[in-house]
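Working notes, beginning with the structure itself.
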């Protein structure tokens, strides 16, 4: 079982989460101005990297927060987690923390 | 929304019917142990349950207003709960809490009046969830059977609460004391949940009451 | 109790062993009654009674006996228990004896002694690897042969009865998990446990000790089991340590999650009342110490499968732990020092040891000297090259062999014996390490694979790490246990390591194949011989993974525990490569066979998945409802009346009645399952505007609006009505099926894409019981039910929303309609659902109100041409469904920019229509393909399909369907064919308007 560190709830089994999608895709900020190619890229084009990949998961059976997850697709290892807007690649080795977040197994 | 029925005089309000009405056979069931039943299962009903939620700068305002109206400040730390039950406030998500108490007043209206001016959202969920209290020496074994969190006495202590799946359905679990837990599930799942809990408790013996 | 009688256990030693001689136990094997003692396994009890032949082999039906004393047993598989508790392929070596045990041998007919299928053995030259593929594949009549082939080659048979016992699951967490309760595991648990870490120690057998239970060893100058009992007591005294016996850690998964099965009641005839038979554990561990021990390998020589041939470690186990003589006259054959200890133990147990045959040119060490001192003949540089005997061993052939082990170098001599104890060295049980992603590496020192670098938080210790000496096992166990605790932040104190009296041993010399002609079994369970491996090599199956699949080497219940190393080494010899390069197959969970009952746990029958009930569930049940599952919800499908059964005609009658009486009068349906979402916050209207294709900024308080949502790709996602119930508060409904997905969709946009919007959403599906009151008389019923609310058409117009009271309860009334009739939805807090439902039924009685179910509801919506699940199938656009005109061009909404792609604007796209059978009676099935005519030959261009069907519209008097067809409404009046090739159905249907009923909405607005 993959275990994911929810920024609020700590380490939980992946069965509490729902996979949402590729976190590297940004919804066009100004929908009317985005080109057809940009929409096509946002909706359809997905890399299938071997190794670390940023994903969005929802802690759907827990606090319902959306979580950004840096996961190694080869080993299933979760390398870092944070809130959707966090940058996990900026030197993050451990889970990102929010002000009131606490990590750990306890809860 | 126009409410044309504020004057509903002359009609006695009906009592609330629990999702588990008729399902609880009081008495001792399952294995007999010289120490008595391993767990006692009681339904908590009727409860008032109101969710409060705020965003950004509204949060501080809401916490203050909650403290003023309830005499209790919602806990900041995720997955914690406070209060003796009159009311009990449980963290259920970022900037979101559930206020619970035995039904004695219109808690929804009390909180709407107090919190909505500050921008908070107040939603009555009192009928949407059923609650069981499990207590006794085997209570943590039953939690271990149903849910994957760490239920060790050292790990899950009074004042902690968590949302997870228990017996494959979403549950909010609140540790009241070392051997007492309040569990909330969606009303529609109440019967299924009770059946799973009693099956799991049979080997320790359980008392329904 | 009679315990002074001498039981007829001719092979039982007079004293010793871990058995309880005061507790004799009677049991049955193949219908005959025997006696053993509490503490026996079925295998030891059979041997005590001189039962040596216990099964027939998988393919050649060769007689087979007990080969091991542990989980690696390839031969002694039996059918255990009877009736619903019957269990095939159970290892006799793992069954703890209990009173009344009933076991039967397998794979023989008519009986074990006279098995007609042993003719297969005479034909064995043709039954080589790949025989069935080569002979039967592609040949006509495979289906005919298959039955007989499968019957001839096989294992035990299962039962069709349901298991009366209950199985269970548990989750737990610990800091340090130690798997294996032998010396290394005990030392690890002690070292970690004394640091204060939460430690779990799993032991597969009924007690701690591992090999110490089976060996005559001293620790600190006392019998080793005394130290084990002391250590067990010390662990017991630590309240952070949990020791679980009869528990096998069988799988190591991602996230340091270990699965284990606890056999709570397997050692009893039946579980006590309310007790569980087996429990599956999911253990989340900080670190894992794998102390899973090692498995002794057989030697591969001609006739090495005969009953009486046994692993040397097993022979020691039987004499030392069970006080059983596995034979009366023994030969011991090995390529390592184990042979001398075995010979001494057998000799001490009164077994006549004819010779020790050591394949190494020189014997080694103190053990050999001890054996010689005891008068045992020790032969070095020789091998057992064949065995003899019909149903059991009676003699062996011995010959000198060359130093490289490849040739016989001298004359053969024969020795009589009924026991041949063999040892080819020990293979560490690297399975769990391998499950955890580790790649075992070859250690030439012990001629076996040992754990490689760890990929998860685990480390092996003891024999499982390739550390075979007792003192080293204890030291390494303590070291790895302490390391695990330290890595988790604990400070383990040093623990005392007991001193061992084990003599130093010399190195083994690998001997993968003993020279000589004839069948040498590599994998006894699957009847794979060394020549099968050689054949696989000749035919090009040289990878170990191909070898496994071609020859079945390493398959079956034992998964190659005794065979993989030998088979892979033989392949390496054939290839001329190193064993390291040839490698080993990947181990996958489970390590040992696990019962399906344990995997299923309690998730069976009605608890396969939780069920969800509305507040009115019991009323429905009391009033004849037949329930149907809608996701997890239980919904009334129809209501039966007195005398009606569930035959189709009665069902059809009930459905028609419910439609007709609702359309002609008034009916009520439970719609509590619809998703309901409370939306609050100053940006709520803006949020709805972005979610739905239509506009929301002008909706006044007290009004509802129908809305349609798209996905980002422009395909329709969901529909429903949303009402404005306050200045900044809305109440959304979704379809039952999409309640969860829509909620998550909204949360995603608020949290991920538009965090600037101040909107709070929460599911209130369960808070409100909902009922739809429909039919021309619904207003009269509503008027009688509500308190102080004007429900006239003027005061409560179509799409109006009001708050009121019914039966004194706060209620919301929505004038919306799914059926096409004048209709209202009433929502009340769920605990009042049944009371309000009953009140409405009571006041409606004089208007002839009836309850209706999901069938009538579905028919009425098809008659009205409303889209639902069949049309919202993840492929349709708003335009396809005739709803394109709803979309607002004045705003941005999810899916807008992808909805106007060229392909979606193609006029040839199938569009929403109604369909009626030309003959007025044929029922076109959902999923039927629409084509131009029924005589075309493939490939036939597809014009569309049928998405929903009412097999009979009671209102129209004939079947009706909805579907999508190229050209859509421009083809009204044309006929096409609805084809359903799987059922050979072809029905001519006419394209019509999808609104079959009340096209102008007069009833709705009445």
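Odds and ends about this structure:
- Taking Cα atoms only, the orientation of helix C:338-348 departs from the longest principal axis of chain C by about 70 degrees.
- For the pair residue C:499 and residue B:44, a Förster radius of 45 Å applied to the C-beta separation gives a FRET efficiency near 0.15, rounded to the nearest 0.05.
- Between 0 and 90°, nearest 10: helix C:183-193 axis offset from chain C longest Cα axis: 50
- Using the Cα coordinates of chain B, the gyration tensor eigenvalues translate into equivalent-ellipsoid semi-axes of 32, 22, 13 Å, sorted from longest to shortest.
- Segment C:558-647 has equivalent-ellipsoid semi-axes of 60, 12, 11 Å, by the square roots of 5 times the alpha carbon gyration tensor eigenvalues, sorted largest first.
- Per residue, the convex hull spanned by the Cα atoms of segment C:832-871 amounts to 93 cubic angstrom.
- Cα-only radius of gyration and Dmax that characterise chain C, units Å: 37.8, 115
- Volume per residue that the Cα convex hull of segment C:907-1005 spans, once the total is divided by residue count, Å³: 100
- The order of B:105, C:263, going from fewest to most other C-beta atoms within 10 Å of their C-beta, is B:105, C:263.
- Extending 7 Å from the Cα toward the beta-carbon at both residue C:578 and residue A:25 defines two label points whose distance is 4.8 nm.
- Footprinting exposure proxy ranking of C:155, B:49, fewest other C-beta atoms within 10 angstrom first, gives C:155, B:49.
- Zone of residue C:267's modelled label, taken as backbone nitrogen in segment C:217-237 under 20 Å from a point 7 Å along Cα→Cβ: C:224-237
- Segment C:339-413: projected area of the alpha-carbon convex hull, averaged over directions, in nm²: 5.5
- Label-to-label distance, nm, for residues given as residue C:599 and residue C:886 (7 Å Cα→Cβ offset): 4.4
- Computed over segment A:3-82, the ratio Rg/Rh where both radii use C-alpha atoms and Rh is Kirkwood: 1.04
- Computed from label points 7 Å out along Cα-Cβ, the spacing between residue B:113 and residue C:82 is 7.5 nm.
- Peptides C:871-883, C:647-659 ranked from most to least packed, by the mean per-residue count of other Cβ atoms within 10 Å: C:871-883, C:647-659.
- Degrees separating the helix B:58-70 axis from the principal Cα axis of chain B, which is the longest one: 70
- By definition, a body whose alpha carbon gyration tensor gives a ≥ b ≥ c is prolate when a/c is 1.5 or more and a/b is larger than b/c, and the protein assembly as shown fits this prolate description.
- Across segment C:495-546, the volume of the C-alpha convex hull divided among the residues equals 214 Å³ per residue.
- Three-way shape label, segment C:429-555, alpha-carbon gyration tensor, a/c 1.5: oblate
- For the peptide C:753-761, the mean number of other protein chain Cβ atoms found within 10 angstrom of a residue's Cβ is 4.
- Theoretical ellipticity at 222 nm over the protein assembly as shown - DSSP helices of four or more residues, -39500 (n - 2.57) apiece, nearest 500: -6000 deg cm²/dmol
- Fewest-first ordering of C:619, B:97 by other beta carbons within 10 Å of each residue's beta carbon gives C:619, B:97.
- Three-way shape call for segment C:624-716 based on the alpha-carbon gyration tensor, with the a/c threshold at 1.5: prolate
All of the numbers you see were taken from the coordinates with simple rules; none came from a lab. Everything numeric in this text was worked out from a predicted model, so none of it was measured. For neighbour counting, all protein chains shown are included, and Cβ atoms are generated from backbone atoms with ideal geometry for every residue, glycine included.
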